[in-house]
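Heads up, the thing below is written out as structure tokens.
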Amino acid sequence: MTNAIEVYGITKRYGQKAAVDEVTFEVKRGEIFSMLGPNGAGKTTTIRMILDIIKPDSGKISVLGAPFSEATKARLGYLPEERGLYKNVALVEMLGYFGALKGMNRRAAEQRAAKLLDELDLGAYKKGKVRELSRGMSQKVQFAATIIHQPELLIIDEPFAGLDPVNTEIIKNMIFRLRSEGATVVMSIHEMHQVEEMADRLLMIHQGRRVLYGEVDEVRHRYAENAVIVSGQGDWAALRGVIGVQPDENGRNITLRLDDQTTPDQIMAMLANDPNYSIRSFALAVPRLNDIFIRVAGGEAKIAASAPNVAEVRHEPA
Amino acid sequence: MSKIWTVFRFEFFRQVLRRGYGLITFGVPIAAIALFFLLRALSGGNVEVGATGGGRSDLPPGVNIPGAGNVSEDSLIAQARPMGFVDYSGLLTSVPTLIRYQTPEQALAALQKGEISAYYVIAEDYLQTGKVEAFYERFNLGSISDAPLQQALLGALLKRTDLSPQLLVLLQARTLDIVPNAIGEAASQATENTNLILAYLFAMLLLFTVFTTSGYLMQSLMEEKENRAVEVLLSSLRPRDLLFGKFLAMSALGLLQMVLWLGTAIFLLGQAVSLSADLIGLTITTEQLIVLVAYFVLGYLFFGSLYAIIGALMTNAREGAQFSAVIVLPAMIPFYVAVSFVNTPNAPLPVILSMIPITSPLAMTLRAAVTIVPWGEVLLSLALLGGTTLGFVWLAARLFRVNTLLSGRAPKLRDVLRLVRERA
């Protein structure tokens, strides 16, 4: 089965500035793929090139198994970062219009729109207009417009921006449901905990270049220090191989940094066999994505793009 | 094609239901008609002449005569330039406000001296034919009214019992069958004047319709840029399909507006004066009609494409409105030099202006009204207009695609050239 998206060496310049510079990645079918990066990193430009809204100066893009064509548009749904809705048109009518532009029968599109609005707790506003809705409600309507035609490929930019936890959960569940129905989801997102919870793989772009790419857990482990996090009683500094002891803010968990010759397994064995230590929990110190993002976006790791355990796209798209 | 239709349908109904459009398109004609009838009612428009008609006892009660209510007003004008009549039928002895002449030659002489503005000849066989001939010097809506003659004739006819079927029909319709006649060169001038007025009206209508509905097109493009709906739309269809769909919708709105206004104007004109179009000397040939329609349609598309370019380049409605002056001012040039079109329609200036796309819709319309324009010139002008329109539509779609998503500011001229060359 071909990948949902294959991007090979795309570059887009505006004047002297490269908005996207030699970026390569692939998105597998049926996965939730997350695109990360600071503001202005080149994520939206990359998405627009995938959608053929703008064209790359060089490189190749394949979407759903072929170069982008008009036929591709009917198979994908796009939620842009900057939301775009008609403020003075009834919701069902507007969603019907978006559905019709995706090739749906107008009546079928309006029926589906009504159903989606019910699922999004907006059933009471079917005849209402966007100007009557709150920001969160508008956001849900925008999401409905994106999925009205049940796309195979969903590209969503900041899907949770402006949503409260309840509505975030509603949208999140809809995304999971779409994925379970076979859709591929590409989301550009800033909420790192959502990436950790939802995404199978990620791509991070910084200053137009790819700086992180791979499975979420793999990337986190790649950035893990040689350290463990423990809670319990004992003289942590006295342990052989421990070169640093750092309690967290409330003092419950302690991070033990290890020297290069000591592994977490050895520390666990020592603690298990020494009666002077009482252990309540023991875990590898894997950094949160948020920390990795800050480190990378801060310029620390150009690095990871060429790291040996990063999965590389080794073939060109057709 | 189906996507263009989808956009067309959505945009048409969205705009037509807008309060502003509805108010202008439907409200203005309704208000004009209401105002017209209100004024007419206030000025005693449909008086029952026999009962209250100011001493016109020669008409039976209950007979209404259209235009009779304007008699006092017309009489004032007639006092300045009265009309005359020659009666061979023997029906009329005298008619208030009309001067009686014994022969057409006497009436013609009075007309040529400027003593009267027109005269009627009622033939000997009037009771059989029902026709009255009218002779006039030049078209002037305000000074020609058949009401006095009409009243007198109908009053006389109602007293008779030997009326022909034609006359009975006219009597039932309470009107006259007047055959217009123009007098020599003056009449020719009158026809030209009439056509020129027609051309002016047509051109004004074209400009007004174009500039209002093209404004809607620009506004619609701006709106989608401002609310960012355009990005969602472009992930569903090609920019040019979006542009064409909008363009066609706005064109339909413009035509709807024009048809309603024109229909209202014709209706009110028909109500306001008892003159038929041919009486006022209006003669439109098939060729002229083709030219008018061709320039209206192409002119509409041309100006629409220019507005679309502005809509593609500007980022908000305020900027768009400022830049629209760039279109309006050159388009009005033929009006500024209208004298040249009347006096020397085939001189270099009118010919050149009728070739330049931005001025040709007005310029050629004006020329065609006062002279016979060679078909070669018309076709060349239309080709230039059509070709430029196609180029501008392409350019608008191109700029729309390239510029819409990339910047939050209006580009400078050098940026436009770069955008045209740039890969989208």
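Filter the stretch A:89-109 down to the residues that are open to solvent by 60 Å² or more (accessible area, probe 1.4 Å) and more than 14 Å from A:Y125 (Cβ to Cβ), then identify the one that is nearest to the other protein chains (Cβ to nearest Cβ). Reasoning before the result, please.
Filtering the stretch A:89-109 down to residues open to solvent by 60 Å² or more (accessible area, probe 1.4 Å) leaves A:93, A:103, A:105, A:107.
With more than 14 Å from A:Y125 (Cβ to Cβ) added as a condition, the list becomes A:103, A:105, A:107.
Numbers: A:G103: 8, A:N105: 11, A:R107: 13 Å.
Result: A:G103.
Take the residues in the stretch A:110-132 that are in a loop (DSSP other than H, G, I, E, B) and free of Cβ contacts under 8 Å to residues at least 40 places away in the same chain, then tell me which one is surrounded by the fewest Cβ atoms within 10 Å (Cβ to Cβ). Only one residue tops the list, namely A:K127.
The residues listed here are A:S138, A:S180; of these, the one that is free of Cβ contacts under 8 Å to residues at least 60 places away in the same chain, open to solvent by 20 Å² or more (accessible area, probe 1.4 Å), under 30 Å from A:D217 (Cβ atoms) and among the hydroxyl-bearing types (S, T, Y) is A:S180. Considering every residue within the stretch B:228-242, establish whether at least one is more than 9 Å from chain A (Cβ to nearest Cβ) and modelled with pLDDT under 80. Within the stretch B:228-242, not a single residue is more than 9 Å from chain A (Cβ to nearest Cβ) and modelled with pLDDT under 80. Just a yes or no: is a residue in the stretch A:40-53 at negative phi, over 20 Å from the mean Cα position of the chain (by Cα) and at pLDDT below 90? Yes: one or more hits. The set of residues in the stretch B:307-337 being part of a helix (DSSP H, G or I), closer than 30 Å to B:E231 by Cβ and open to solvent by 30 Å² or more (accessible area, probe 1.4 Å) consists of B:A317, B:R318, B:E319, B:A321, B:Q322, B:F323, B:A325, B:V326. Across the stretch B:338-352, the qualifying residues are those that are in contact with a Leu (Cβ under 8 Å, 6 or more places away or on another chain) and open to solvent by less than 40 Å² (accessible area, probe 1.4 Å), and the one among them that is nearest to B:L384 (Cα to Cα) is B:P350. Restricting the stretch B:97-122 to residues that are modelled with pLDDT under 85 and in a loop (DSSP other than H, G, I, E, B) leaves a set whose member that is surrounded by the most Cβ atoms within 10 Å (Cβ to Cβ) is B:I116.
Against the condition more than 14 Å from chain B (Cβ to nearest Cβ), open to solvent by 40 Å² or more (accessible area, probe 1.4 Å) and over 17 Å from the mean Cα position of the chain (by Cα), how does A:E70 come out, does it pass? Give the steps one after another, and end with the answer.
Numbers: more than 14 Å from chain B (Cβ to nearest Cβ): no; open to solvent by 40 Å² or more (accessible area, probe 1.4 Å): yes; over 17 Å from the mean Cα position of the chain (by Cα): yes.
Here the answer is no, as A:E70 does not meet what is asked.
Evaluating A:D157 against the criteria (1) over 23 Å from A:I50 (Cα atoms); (2) surrounded by 19 or more Cβ atoms within 10 Å (Cβ to Cβ) leaves one unmet condition, (1). Filtering A:R13, A:R29, A:R48 for residues that are more than 12 Å from chain B (Cβ to nearest Cβ) and among the charged types (D, E, K, R) leaves a single hit, A:R29.
Among the residues of the stretch A:41-53, are any open to solvent by 10 Å² or more (accessible area, probe 1.4 Å) and more than 30 Å from A:E196 (Cβ to Cβ)? So far as the stretch A:41-53 goes, yes, one or more of its residues are open to solvent by 10 Å² or more (accessible area, probe 1.4 Å) and more than 30 Å from A:E196 (Cβ to Cβ).
Taking the criterion of being free of Cβ contacts under 8 Å to residues at least 60 places away in the same chain and open to solvent by less than 60 Å² (accessible area, probe 1.4 Å), the residues of the stretch B:353-372 that qualify are B:L353, B:S354, B:M355, B:P357, B:I358, B:T359, B:A363, B:R367, B:T371. Selection within the stretch B:176-227: residues that are modelled with pLDDT under 60, among the aliphatic types (A, V, I, L, M) and assigned to a helix (DSSP H, G or I). The member of this set that is nearest to B:V28 (Cα to Cα) is B:A190.
Check A:A145, A:A237, A:A227 and return the single one that is open to solvent by less than 20 Å² (accessible area, probe 1.4 Å) and more than 29 Å from A:V296 (Cβ to Cβ).
Details: A:A237 fails: open to solvent by less than 20 Å² (accessible area, probe 1.4 Å); A:A227 fails: more than 29 Å from A:V296 (Cβ to Cβ).
Only one candidate passes the filter, namely A:A145.
For the stretch A:302-318, the condition of being assigned to a loop (DSSP other than H, G, I, E, B) and modelled with pLDDT of 85 or more holds for none of the residues. Of all residues in the stretch B:1-21, those that are charged (D, E, K, R), within 9 Å of chain A (Cβ to nearest Cβ) and out of contact with any Asp or Glu (no Cβ under 6 Å at 6 or more places or on another chain) total 3.
Per-residue answers, yes or no, for (1) of a type in the set (S, T, N, Q); (2) touching an Asp or Glu at 6+ places or on another chain (Cβ under 7 Å):
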residue	(1), (2)
A:I32	no, yes
A:P38	no, no
A:A41	no, no
A:T46	yes, no
A:M49	no, no
A:S62	yes, yes
A:P67	no, no
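Inside the stretch A:183-290, counting only helices (runs of 4 or more DSSP H) that do not spill past its ends, which hold 1 or more residues that are without any contact (Cβ under 8 Å) to a residue 24 or more places away in the chain and farther than 30 Å from A:E26 by Cβ? Even if it seems obvious, please write down each step before you answer.
Numbers: elements: A:192-198, A:216-222, A:264-273.
Fully inside the stretch A:183-290 and qualifying: A:264-273.
Selection of the stretch A:75-92 for residues being small (G, A, S), within 21 Å of B:P239 (Cα to Cα) and not in a loop (DSSP other than H, G, I, E, B) yields only A:G77.
The values are calculated or read from the model by the stated rules, or taken from the named source; none is laboratory data. Predicted model, so just to flag it, every value in this text is computed and none were measured. Positions of Cβ are backbone-derived with ideal geometry, glycine not excepted, and every protein chain shown enters the neighbour counts. Calculation scope for accessible area: heavy atoms of the full protein, side chains included, ligands and nucleic acids excluded. Shrake-Rupley method; radii C 1.70, N 1.55, O 1.52, S 1.80 Å.
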